[in-house]
Structures are given as structure tokens and as C-alpha cells.
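> So that we are looking at the same thing, I have put the structure below in C-alpha cells.
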Amino acid sequence: MSKQRTLFSPEFKMQVVLESFNINITLADLAKKHATSVKNILNWKQQFLKNAHLSFDAATSKNQLESLKKENEKLEKLLMKLQLEKNDAVKKLKKLDISVKKQMINTSLSSLSISQQCKLIGLNRPSLYYAPRPSKKNDEAIMERICEIFKTDATSYGYRTMHQILIKEGYKIGVNKVHKLMKLLEEEKGIKPISKKIDTEKEPIQHSHILHDLALAKPFN
């Protein structure tokens, strides 16, 4: 088991150094008296002599201390400002679309790892490497047909209506599959149904009552 290192206080070191100037005692005796080593006494004495001039220049030291305090306050304010700007920027980055976030990742950046970049912009790292599986030829043909239907006046068709059209045309496909393919078209090409707005300014249609001209007969008892 290694011996624990003894720590000496500044006051103790100064006392030993002052005693070392006494010519009536050797450094070996002084080290034995205070349970330390000659090497420690020499190091403390050298340090004491090196910084002794500071005691005669208290005014300069005080001015330097005040200057350091002011500089520290400026740095603290700057750090707080940068922290607020960073938090605001991070919030904006996390609201971006996943495709935009993927483009922002720089794999050749050495100062910031990919994990740190993903964490900074709120991107799940596995999604960075995810690539959609290539669709089957039949799916591609159906997607092309859906695009052709959208080129007509059927831009408001939802996946259920589109499913009925494809069924009538002979395609063997489920409604959920149509929904999935239309979602894929929206992600890849931005093609999606446009909802029709109801015109509320039109006058209501007046319906004449069918029984308006008929006389009401008394029911039979």
C-alpha cells in the first residue's frame, strides 16, 4: 500500500523557510524537526525568494486583481449571451424537416462527431442511415398511374377514391396499400390531394314541398 502524501499549509511552509535562514541550525536538523525533507525546504525557500518582491508592490497587485475581476464579469456576460443564442438556435434547428437535417450533417467534420451533430439538431442517428427499400415494379407502375390520375382534374381524390378507381381499372390492390403508395409519392415528389374548399357564399337551394298542393284528408277512424 502506497504511503499517503502529507499536505503542508502555506503558514507552515513560511515558518520553516524563515527558520532556514538561521545559521545555527542545519537543513537536515530543520527537516527532522518538522517531519519533512530537505528537498521540500529548498523548494519552499526558492519559491519564497522568487515571490518576495510582490510584498513590496501591493498596489500593483491590487490593480491587477481589480482588472481581472472586471474582465471576468465581461466574460460571464458574454458567455450568458452566447448560451441564450445557442439555445434559441437549437430550438429552431429541431423544428426543421428530417430531410433538411440529414443534409446538415457533415461526416468529415473532425471537431464535432456525428453523434454530437445529431444530438445538437435533434436528429435520431439511425434515421440518418435509413434509406427506403426500393419498390417493386408493380408498385412503381401503380404509382405512375396515380400520378397520371392526379394530372387530370382528380387532384382532390383521397386514397379511398383512388383505390376505387384503380380497382375499376383492374388493379388488384388493397386500400391500405394505396394509402402507403400515396404517402410515398408525397414524400418523394410532393404529390398529395388538394382538399376542396366549400363555397359558403352560394345561396341555398330552394326546394318546393312535394305535398304543397295536396289537401290533407281527415284520417279514417
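Read the figures in this text as sums done on the coordinates, not as results from a lab. Keep in mind the model is a prediction, meaning the values are calculated, not measured. Heads up, the Cβs are rebuilt from the backbone with ideal geometry, glycines too, and the neighbour counts pull from every protein chain shown.
> Assign unit charges at the C-beta atoms only (+1 for Lys and Arg, -1 for Asp and Glu), then state the dipole size of segment 137-189 relative to its Cα centre in Debye, rounded to the nearest 20.
Details: 10 positive and 9 negative charges, 51 e Å.
Rounded to the nearest 20 debye, it is 240 debye.
> Sort segment 137-189 into rounded, prolate or oblate with this rule: let a ≥ b ≥ c be the square roots of the eigenvalues of the Cα gyration tensor; rounded if a/c is under 1.5, and if a/c is not under 1.5, prolate when a/b is larger than b/c, oblate otherwise. Each step should come with its number before you reach the end.
Numbers: a/c = 1.31, a/b = 1.06, b/c = 1.24.
It is rounded, given that a/c, with a ≥ b ≥ c, falls under 1.5.
> With viscosity set to 0.890 mPa s at 25 °C, what whole-number translational diffusion coefficient in µm²/s follows for segment 75-129 from Stokes-Einstein and a Kirkwood radius over Cα pairs? Before the final figure, lay out the partial values.
On the way: Rh = 12.2 Å.
Once the numbers are plugged in, D ends up at 201 µm²/s.
> Apply the a/c threshold of 1.5 to the C-alpha gyration tensor of segment 95-182 and tell me whether it is rounded, prolate or oblate. Before the final figure, lay out the partial values.
On the way: a/c = 3.63, a/b = 2.87, b/c = 1.27.
Since a/c reaches 1.5 and a/b is larger than b/c, the shape of segment 95-182 is classed as prolate.
> Students often get this wrong, so check it: of Lys45/Lys74; Lys91/Lys151; Lys32/Lys62; Lys13/Lys69; Lys32/Lys69; Lys91/Lys136, which have C-alpha atoms separated by over 31 Å? Don't skip to the end; give the middle numbers.
Details: Lys45/Lys74 38 Å; Lys91/Lys151 39 Å; Lys32/Lys62 38 Å; Lys13/Lys69 29 Å; Lys32/Lys69 43 Å; Lys91/Lys136 39 Å.
Lys45/Lys74; Lys91/Lys151; Lys32/Lys62; Lys32/Lys69; Lys91/Lys136, as the Cα separations exceed 31 Å there.
> Something else about it: Any chance you could run the full-extension gain for Thr155 through Val175? It's 0.36 nm times the residue separation minus the Cα-Cα distance, nm to one decimal. Walk me through the intermediate numbers first.
Values: separation 20, 0.36 × 20 = 7.20 nm, distance 1.79 nm.
Between Thr155 and Val175, full extension yields 5.4 nm more.
> Sticking with this one: Could you list Thr107, Thr155 in order of exposure, starting from the residue whose Cβ has the fewest other Cβ atoms within 10 Å?
Working: Thr107 8, Thr155 14.
Going from sparsest to densest Cβ surroundings: Thr107, Thr155.
> List the lysines whose Cα sits under 25 Å from the Cα of Lys92, skipping any in the same chain fewer than 8 residues away.
Lys77, Lys81, Lys101, Lys102, Lys119
> What's the percent breakdown of Cα-Cα distances in segment 10-55 across 5 Å bins, shortest bin first?
5, 23, 35, 24, 8, 5, 0
> Output the peptides 86-94, 156-164, 121-129 sorted from most to least packed, where packing is the average of other Cβ atoms within 10 Å over each peptide's residues. Could you put the intermediate results ahead of the total?
Numbers: 86-94: 11.2, 156-164: 15.7, 121-129: 13.1.
Ranked from most to least packed, the peptides come out as 156-164, 121-129, 86-94.
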